[in-house]
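**Student:** Would you mind keeping the following structure in view while I ask a few things?
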Amino acid sequence: MITRLFSAALRGVDAQEVEVEVNARGADKPTVTIVGLPDAAVRESSQRVTSAIIASALHLSDGVKTVNLAPADLKKEGPSFDLPIALAMVAASRTVPFNADECCVVGELGLDGTVRPVKGVLSIALEAKQRGRTCLLVPEENAAEAAVIQGIQVFPVRSLKEAWNFLEGALVIPPFRLDRKAFFDAHRTYEVDFEEVRGQHSVKRALEVAAAGNHNLLMVGPPGTGKSMLAKRIPTIMPNMTEDEAIGITRIHSIAGLLDPKKAFLTTRSFRSPHHTISDAGLLGGGTNPGPGEVSLAHHGVLFLDELPEFRRKTLEVLRQPLEDKEVTISRAAGSLTFPASFMLVAAMNPCPCGYYGDIKRECRCSPRQIETYRQKISGPLLDRIDLHVEVPMVDFRELTSPGPTGEKSETIRERVVQARKIQDERFRKSSNTSNAGMSSRMMKQHCQINDEAKGYLEHAMQEMNFSARAHDRILKVARTLADLSGSPNIRPTDVLEAIQYRSLDRKLFS
């Protein structure tokens with residue numbers, strides 16, 4: 001007897017429906033053969049499935065059972081096919097017709113029949129909905145994640161026997177319900193706040209500008225000035241994520257196996273801070289079965305690279321493509337996968353290897369050769385793609401220990417950022433672009449017009465500081481954001497001057 005169930009396989013950030021077919025026929029020796037381009041984890045499921053069926057006291061006939069995972073040319077990976085294979089094998093062992101075409105089933109099985117959570121359930125739920133499935137059976141720990149998708153009923157199961165009784169109609173399981181709005185309101189909070197940062201007013205201003213226009217940022221300063229502390233607080237002043245953005249980033253974290261089981265989906269912007277020893281594949285994504293890297297895990301959030309010159313130069317250079325295209329394409333022999341990577345790059349570095357070059361209180365111990373080698377680790381093309389360069393000075397002791405009021409709260413800064421983003425939303429409503437940092441050359445000609453006085457300032461800066469053409473465009477984009485923050489419809493000369501100030505490190509550090 002041949003039976004079938006529907007499941008799904010992950011491919012990049014998406015899922016593709018898989019038909020699980022089981023053909024049971026009599027033979028002297030019971031065997032299970034799995035075909036359909038399975039990997040080692042899927043082939044090993046025959047042992048887990050057989051043990052789980054016996055432990056669950058479900059009927060399993062003797063003989064040969066052939067399990068086909070269609071389409072046969074799609075590679076199947078991971079243990080998520082355990083539950084549908086087991087259910088189809090039990091159904092094939094019975095003489096009563098079995099039909100569960102309206103359901104999609106995923107789950108890993110333990111040897112005792114318990115159902116364990118799997119990765120990528122959110123993407124699987126989206127695929128099942130698009131395929132017209134009305135019922136989704138998932139492990140209990142994945143129910144909240146799957147219920148984020150509206151229009152499909154999610155049924156959590158804890159064991160193989162429970163899943164079989166539900167499909168057979170002997171057990172009623174209420175569908176899992178999730179109030180997305182209530183969940184958002186309850187979890188849209190951050191553990192840190194700009195109120196905790198004393199001093200550094202000019203740096204805070206630059207961070208506000210960066211968040212308002214989604215500009216990339218580089219902070220340069222000696223150790224202990226608070227560069228990392230400031231970077232961690234940037235997501236707190238960025239606009240709150242929409243539900244679509246939250247679903248998008250949750251899919252990526254779910255596929256990577258990084259989703260907190262206590263949370264249905266992510267409600268705050270990501271902050272990723274990889275170590276400087278990270279590999280190219282770890283940063284961009286890759287592997288035998290390509291998975292998302294740090295640039296994709298930071299989608300709609302912040303990618304923070306601390307001690308920027310300590311990263312391998314080759315690793316830094318691979319950032320140039322995702323910074324421009326907002327996505328990463330990984331090509332392998334089996335095909336190409338594209339992962340989203342729309343993130344804000346925030347980097348920090350010391351002015352020299354010891355960290356005290358130019359400090360008026362501490363003497364630098366580095367030779368000119370060491371300083372030059374240290375700074376040349378960052379290429380000019382990469383630096384051109386960073387819109388704002390900010391010096392982070394040491395904080396004065398009196399300001400650090402002052403009993404007076406602390407700085408502005410993140411919520412107050414975020415309100416100004418949101419107002420600037422609303423202006424940009426209206427400006428780019430007819431295009432796919434959403435921020436000033438992503439303006440194309442055509443958009444810049446339309447929205448970045450400046451008067452003669454501002455042109456004079458910019459021309460003088462280009463000649464004196466030897467800026468590149470890309471740096472010229474970055475200055476105009478930042479000036480557009482500064483005008484938006486002040487509510488001005490036109491870019492003023494003061495906006496251009498402030499934007500030029502944020503490029504001064506081009507000449508100061510790398511000329």
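**Student:** Residues to consider are Ala146, Ala170, Ala186; find the one that is touching a helix residue (DSSP H, G or I) at 6+ places or on another chain (Cβ under 9 Å) and farther than 21 Å from Gly257 by Cβ.
**Tutor:** Numbers: Ala146 fails: farther than 21 Å from Gly257 by Cβ; Ala186 fails: touching a helix residue (DSSP H, G or I) at 6+ places or on another chain (Cβ under 9 Å).
On inspection, the qualifying residue turns out to be Ala170.
**Student:** Looking at the range 434-444, which of its residues are surrounded by 17 or more Cβ atoms within 10 Å (Cβ to Cβ) and either of a type in the set (Phe, Trp, Tyr) or out of contact with any Lys or Arg (no Cβ under 7 Å at 6 or more places or on another chain) (or both)? Steps first, answer last, please.
**Tutor:** We begin by selecting, within the range 434-444, every residue surrounded by 17 or more Cβ atoms within 10 Å (Cβ to Cβ); these are 435-439, 443.
Answer for the range 434-444, where residues must be surrounded by 17 or more Cβ atoms within 10 Å (Cβ to Cβ) and either of a type in the set (Phe, Trp, Tyr) or out of contact with any Lys or Arg (no Cβ under 7 Å at 6 or more places or on another chain) (or both): Ser435, Gly438, Met443.
**Student:** Here are some residues: His215, His299, His275. Which one is under 11 Å from the mean Cα position of the chain (by Cα), more than 22 Å from Asp179 (Cα to Cα), outside any helix (DSSP H, G or I) and modelled with pLDDT of 90 or more?
**Tutor:** Values: His215 fails: under 11 Å from the mean Cα position of the chain (by Cα); His275 fails: under 11 Å from the mean Cα position of the chain (by Cα).
Going through His215, His299, His275 in turn, the sole match is His299.
**Student:** For the range 87-106, enumerate the residues that are more than 20 Å from Gly132 (Cα to Cα) and not hydrophobic (A, V, I, L, M, F, W, C).
**Tutor:** Correct list: Ser93, Arg94, Thr95, Pro97.
**Student:** Given (1) outside any loop (DSSP other than H, G, I, E, B); (2) modelled with pLDDT of 90 or more, identify the lone condition not met by Ala281.
**Tutor:** All conditions pass for Ala281, except number (2).
**Student:** Here's a follow-up. Across the range 479-503, which residue is modelled with the highest pLDDT among those that are hydroxyl-bearing (Ser, Thr, Tyr) and open to solvent by less than 40 Å² (accessible area, probe 1.4 Å)?
**Tutor:** From the range 479-503, those hydroxyl-bearing (Ser, Thr, Tyr) are 481, 486, 488, 494, 502; that's our starting set.
Applying the additional criterion that residues be open to solvent by less than 40 Å² (accessible area, probe 1.4 Å) yields 481, 488, 502.
Details: Thr481: 96, Ser488: 93, Tyr502: 90.
Among those residues, the one meeting the criterion is Thr481.
**Student:** Out of the residues in the range 381-432 that are of a type in the set (S, T, N, Q) and modelled with pLDDT under 85, which is nearest to Asp484 (Cα to Cα)?
**Tutor:** Filtering the range 381-432 for residues of a type in the set (S, T, N, Q) gives 401-402, 406, 410, 412, 419, 424, 431-432.
If we keep only those that are modelled with pLDDT under 85 as well, we get 401-402, 406.
Values: Thr401: 35, Ser402: 33, Thr406: 26 Å.
Result: Thr406.
**Student:** Given the residues Ser331, Ser342, which is the only one that is in a loop (DSSP other than H, G, I, E, B), closer than 30 Å to Asn289 by Cα and either modelled with pLDDT under 90 or open to solvent by less than 60 Å² (accessible area, probe 1.4 Å) (or both)? Explain how you work it out, then say what you get.
**Tutor:** Values: Ser331 fails: in a loop (DSSP other than H, G, I, E, B).
The unique qualifying residue is Ser342.
**Student:** When you scan the range 465-478, do you find a residue that is assigned to a helix (DSSP H, G or I), surrounded by fewer than 12 Cβ atoms within 10 Å (Cβ to Cβ) and at pLDDT below 90, even just one?
**Tutor:** Just the residues of the range 465-478 that are assigned to a helix (DSSP H, G or I), to begin with: 465, 469-478.
Keeping just the survivors that are surrounded by fewer than 12 Cβ atoms within 10 Å (Cβ to Cβ) gives 469.
Narrowing the set further to residues that are at pLDDT below 90 leaves 469.
Yes, the range 465-478 contains at least one residue that is assigned to a helix (DSSP H, G or I), surrounded by fewer than 12 Cβ atoms within 10 Å (Cβ to Cβ) and at pLDDT below 90.
**Student:** Also: Please note which helices (runs of 4 or more DSSP H) are completely contained in the range 112-206 and include at least 1 residues that are open to solvent by 50 Å² or more (accessible area, probe 1.4 Å) and without any contact (Cβ under 8 Å) to a residue 24 or more places away in the chain. Show your work before the answer.
**Tutor:** Working: elements: 121-130, 143-146, 160-168, 180-187.
Answer list for the range 112-206: 121-130, 160-168, 180-187.
**Student:** Does Pro292 satisfy the criteria of being within 14 Å of the chain's Cα centre (by Cα) and open to solvent by less than 20 Å² (accessible area, probe 1.4 Å)? Break it down stepwise before answering.
**Tutor:** On the way: within 14 Å of the chain's Cα centre (by Cα): yes; open to solvent by less than 20 Å² (accessible area, probe 1.4 Å): no.
Spelling it out, it is not the case that Pro292 is within 14 Å of the chain's Cα centre (by Cα) and open to solvent by less than 20 Å² (accessible area, probe 1.4 Å).
**Student:** Given the criteria in contact with a strand residue (DSSP E or B) (Cβ under 8 Å, 6 or more places away or on another chain), open to solvent by less than 10 Å² (accessible area, probe 1.4 Å) and of a type in the set (Phe, Trp, Tyr), does Phe81 qualify? Give the steps one after another, and end with the answer.
**Tutor:** On the way: in contact with a strand residue (DSSP E or B) (Cβ under 8 Å, 6 or more places away or on another chain): yes; open to solvent by less than 10 Å² (accessible area, probe 1.4 Å): yes; of a type in the set (Phe, Trp, Tyr): yes.
So Phe81 fits the description; yes.
**Student:** Look at the range 281-298 and say how many of its residues are small (Gly, Ala, Ser) and under 21 Å from Glu245 (Cα atoms).
**Tutor:** Our first condition is that a residue be small (Gly, Ala, Ser); within the range 281-298, this holds for 281-282, 285-287, 291, 293, 296, 298.
Narrowing the set further to residues that are under 21 Å from Glu245 (Cα atoms) leaves 285, 291, 293, 296, 298.
Matching residues across the range 281-298 total 5.
**Student:** For the range 47-78, which residues satisfy the criterion of being open to solvent by less than 30 Å² (accessible area, probe 1.4 Å), closer than 21 Å to Val118 by Cα and touching a helix residue (DSSP H, G or I) at 6+ places or on another chain (Cβ under 8 Å)?
**Tutor:** Hits for the range 47-78 are Val49, Ala52, Ile53, Ser56, Val67, Leu69, Lys76, Gly78.
**Student:** So, one more: List, please: which pairs have Cβ atoms under 8 Å, are six or more places apart or on different chains, and start with a residue in the range 375-387 that is under 19 Å from Asn436 (Cβ atoms) and end with one that is assigned to a helix (DSSP H, G or I) and open to solvent by less than 10 Å² (accessible area, probe 1.4 Å)?
**Tutor:** Asp384/Ala471; Asp387/Ala210; Asp387/Gly213; Asp387/Val478
Residue-wise test of (1) under 30 Å from Pro489 (Cβ atoms); (2) open to solvent by 40 Å² or more (accessible area, probe 1.4 Å).
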site	(1), (2)
Pro322	no, no
Cys352	no, no
Ser379	no, no
Asp387	yes, no
Pro393	no, yes
Ile413	yes, no
Ala420	yes, no
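**Student:** Quick one: in the range 445-464, of everything that is in a loop (DSSP other than H, G, I, E, B) and either open to solvent by 40 Å² or more (accessible area, probe 1.4 Å) or aromatic (Phe, Trp, Tyr) (or both), which residue is farthest from Ala483 (Cα to Cα)?
**Tutor:** From the range 445-464, those in a loop (DSSP other than H, G, I, E, B) are 448-451; that's our starting set.
Imposing the further condition that a residue be either open to solvent by 40 Å² or more (accessible area, probe 1.4 Å) or aromatic (Phe, Trp, Tyr) (or both) reduces the set to 449, 451.
Numbers: Gln449: 12, Asn451: 14 Å.
It comes out as Asn451.
**Student:** Let me ask something else. Looking only at the range 1-58, which residues are touching a Phe, Trp or Tyr at 6+ places or on another chain (Cβ under 8 Å), of a type in the set (Gly, Ala, Ser) and not in a strand (DSSP E or B)?
**Tutor:** Gly12, Ser45, Ser56
**Student:** Just give me the residues in the range 248-305 being in contact (Cβ under 8 Å) with a residue 24 or more places away in the chain and among the charged types (D, E, K, R), in sequence order.
**Tutor:** Those that are in contact (Cβ under 8 Å) with a residue 24 or more places away in the chain and among the charged types (D, E, K, R): Arg251, Lys263, Arg269, Arg272, Asp280.
**Student:** How many residues does the range 236-258 contain that are in a helix (DSSP H, G or I), open to solvent by 20 Å² or more (accessible area, probe 1.4 Å) and not aliphatic (A, V, I, L, M)?
**Tutor:** So the count comes out to 5.
**Student:** Then there's this: Six or more apart or on different chains, Cβ atoms under 8 Å: show the pairs whose first residue is in the range 431-446 and free of Cβ contacts under 8 Å to residues at least 12 places away in the same chain and of a type in the set (Gly, Ala, Ser) and whose second is part of a loop (DSSP other than H, G, I, E, B) and open to solvent by less than 50 Å² (accessible area, probe 1.4 Å).
**Tutor:** Ser440/Asn433
**Student:** Based on what the data block shows, is Glu317 farther than 28 Å from Met241 by Cβ, open to solvent by 20 Å² or more (accessible area, probe 1.4 Å) and touching a strand residue (DSSP E or B) at 6+ places or on another chain (Cβ under 8 Å)? Full working, then the answer.
**Tutor:** On the way: farther than 28 Å from Met241 by Cβ: yes; open to solvent by 20 Å² or more (accessible area, probe 1.4 Å): yes; touching a strand residue (DSSP E or B) at 6+ places or on another chain (Cβ under 8 Å): no.
It is false that Glu317 is farther than 28 Å from Met241 by Cβ, open to solvent by 20 Å² or more (accessible area, probe 1.4 Å) and touching a strand residue (DSSP E or B) at 6+ places or on another chain (Cβ under 8 Å).
The values are calculated or read from the model by the stated rules, or taken from the named source; none is laboratory data. Please read these numbers as outputs of a predicted model, since none were measured by experiment. Positions of Cβ are generated from backbone atoms using ideal geometry, with glycine treated the same way; all protein chains shown enter the neighbour counts. Accessible surface areas use protein heavy atoms only, side chains included; no ligands, DNA or RNA. Shrake-Rupley method; radii C 1.70, N 1.55, O 1.52, S 1.80 Å.
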